[in-house]
Amino acid sequence: MSTAEASLSRQDGWKVLALVVLWLGATAWLRPLMLPDEGRYASVALEMLRSGDWLTPTLNGLPFFHKPPLFYWISGAAMGMTGSSELAARSASLAGATLGAIALYLFVRRWCGMASARRAVIVLAVQPLFFLGAQFANLDMLVAGCITATVLALAHAALSFEAGQPDRRALWLAYGLSALGVLAKGLIGFVLPAMIVGLWLILRRRWRSLLALLSLPGALLFMLVAAPWFVLMQQRFDSFLHYFFVVQHFQRFAAGGFNNVQPFWFYPAVLAGCSLPCILWSRPAFTRGYWRAEGTPGDVRLLMALMAGCVTLFFSLPQSKLIGYILPAVPALAWLMADAGQRAQASRKSRSWWRVSLAISALIGLGVVLALTANPRYSARHMGQVLKARHQPGEPVYMLGEYVYDLPFYAGLDRPVRIVDDWQSPEIARRDNWRREMVDAGAFDPALAGQVLVTPQQLPAALCGNEAAWVVGDAQATQMLPLLAQVAPVFSEHGQTLWRVDPRQVLPSCAEMPNGGSAGR
């Protein structure tokens, strides 16, 4: 590029970055955290911030190793700077979405031109899956952004190598991004990029490019970024690596027994349905001429098709399927829709309808956010705010038969709550739910688990050790703790009730204990 062209390119890049951040973040603060995922991951990040232990993720004080820590590091740091708000809780997802969008823009701008790059990033930004995923506090968008950026950095390095241009920095960047992907969600951070780019090069018969992407400095960089956390956790907890990789990776991928079982065609249907109406403009992609393009345009089309296809196939194989898993396919699909849609816009009327399609996609995403904001039945924010206003230091909180993930976040609790359930039930090991999460976490810290995982038989004696306690439960709570029938509720909403209990007044057995029930305080 000439100096003027390079300056214009940089200015355009900064404008695109600013617009992406503003668009995705403008409504990220509106709605409360959604149960269970957002409440779970935001609470883990907040616990990490408050404990000062930035290595061991904890859920209700217990070591929580379902996922690696990058999401918690980013969101916890954001909460430390701005406070424990919904926007800060979603900062890691926003960062992942921004990374994916900017990586797509930069790659397409370099190999297909600025106009194509602008179209692609606009189509991506208005896709409801991408827009909503960027504002959802879980790990899916963060790892999707890392995977997208890794694939495109590897492809950029390969194309640069084939063109006789410098490619080392892009290659090392790809290895570093892959390491971040591993820290975001595990092995898929490098498995998926290696699969996609490897297959792309094989289909193009670029054997020298394939070998050129193998880099010892890159591998060392990958290990320096990704490995230390895993080594440190294994040193602290003997069974960590088995639990993290065997149970949470291989068993979850290959075995049954996990939630959200869906048919094989689930993800293709989700991608097609959530890409309406823009996907209707992709008819040119079903013609032979579209895929027979030679040179860089054909190479990029094949790359994007493989990215969308490999991700969809990979996550369609397990029985357990969540919508967020498919997010790494969305940037590639957005580029394909933008590219094919451009070919279909032969007339002014077609271009007008294309803009209408983009507007409809944007309105769908905004509409979902506004609907969830207006009817927050999925959140305990209001109850948490009530508890925060009335809770006194030292007063324990008990949850009966259910763990309300976002309540500690909104109540500002700095100590674990006590969860009452039948923790000896064999059914816990057979179901993938919050009970199994707690039991698994408790295995890494049995001493603390003995304090916070309380059985119904232990509950009366536990209550007697306090002058006052807070209890949260649903309509069945009085069956587990009959004394609640004698206590006036403090707050009720969405099937959950909050009580403040004085055990000395409602539990006669407390008066028989030494000091009138104050023992153990």
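Any read-out appearing in this document is the output of simple, stated calculations on the displayed coordinates, not a laboratory observation. Please read these numbers as outputs of a predicted model, since none were measured by experiment. Here the Cβ is made from the backbone with ideal geometry for all residues, glycine too, and neighbour counts use every protein chain on show.
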For the pair Val356 and Arg168, how long in nm is the line joining their label points, each one 7 Å along Cα→Cβ? 5.5
In debye to the nearest 20, how big a dipole does the chain give about its Cα centre with +1 on each Lys and Arg Cβ and -1 on each Asp and Glu Cβ? 2300
Given a Förster distance of 30 Å, the FRET efficiency implied by the Cβ-Cβ spacing of Arg377 and Leu317, rounded to the nearest 0.05, works out to 0.35
Count the net charge of all other residues whose Cβ sits under 13 Å from the Cβ of His391, scoring Lys and Arg as +1 and Asp and Glu as -1. +2
Taking only Cα atoms of the range 381-517, radius of gyration then Dmax in Å: 14.7, 43
I want the local charge near Pro277. Using Cβ-Cβ distances under 15 Å, sum +1 for each Lys or Arg and -1 for each Asp or Glu among the other residues. +3
Using a 7 Å offset from the Cα along the Cα-to-Cβ direction at both Thr287 and Leu55, what is the distance between the two label points in nm, to one decimal? 6.0
Treat the count of other C-beta atoms within 10 Å as a stand-in for reagent exposure and order Lys321, Lys388 from fewest to most. Lys388, Lys321
If you build the convex hull over the alpha carbons only and average its shadow over all orientations, what do you get for the range 393-447? Give it in nm² to one decimal. 4.4
In degrees, nearest 10, the alpha-carbon axis of helix 188-203 is tilted away from the dominant principal axis of the alpha carbons of the chain by 20
Angle check, please: helix 91-112 long axis (alpha carbons) against the longest principal axis of the chain (alpha carbons), in degrees 0 to 90, nearest 10. 10
I'd like the distance between the alpha-carbon centres of the range 432-450 and the range 27-98, rounded to an integer number of Å. 20
Alpha carbon centroid spacing (whole Å) that separates the range 278-314 from the range 180-245: 26
Scan of the chain for GluC sites (Glu not before Pro) in DSSP loops with at most 10 other beta-carbon atoms within 10 Å gives a longest site-free stretch of 1-293
Fewest-first ranking of Arg500, Arg390, Arg90, using other Cβ atoms within 10 Å as the exposure measure: Arg390, Arg500, Arg90
For Leu232 and Asn433, what does the FRET efficiency come to when R0 = 35 Å and r is the distance between their Cβ atoms, rounded to the nearest 0.05? 0.75
Filter the trypsin sites (Lys or Arg not before Pro) in the range 117-205 to those in DSSP coil with at most 14 other Cβ atoms within 10 Å of their Cβ, and list the result. Arg205
Using a 4.7 Å Cβ cut-off, which Cys residues in the chain lack a partner cysteine? Cys112, Cys146, Cys274, Cys278, Cys310
So how tilted is helix 330-343 from the main axis of the chain? Cα-based, degrees 0 to 90, rounded to 10. 30
Relative exposure of His391, His242, judged by other C-beta atoms within 10 Å (fewest first): His242, His391
Here are several values of semi-axes √(5λ) of the Cα gyration tensor in Å: [x] 48, 25, 20; [y] 35, 27, 22; [z] 85, 23, 15. Which one was derived from the coordinates shown? [x]
Give me the net charge for the shell around Arg119: Cβ to Cβ below 12 angstrom, other residues only, Lys and Arg +1, Asp and Glu -1. +4
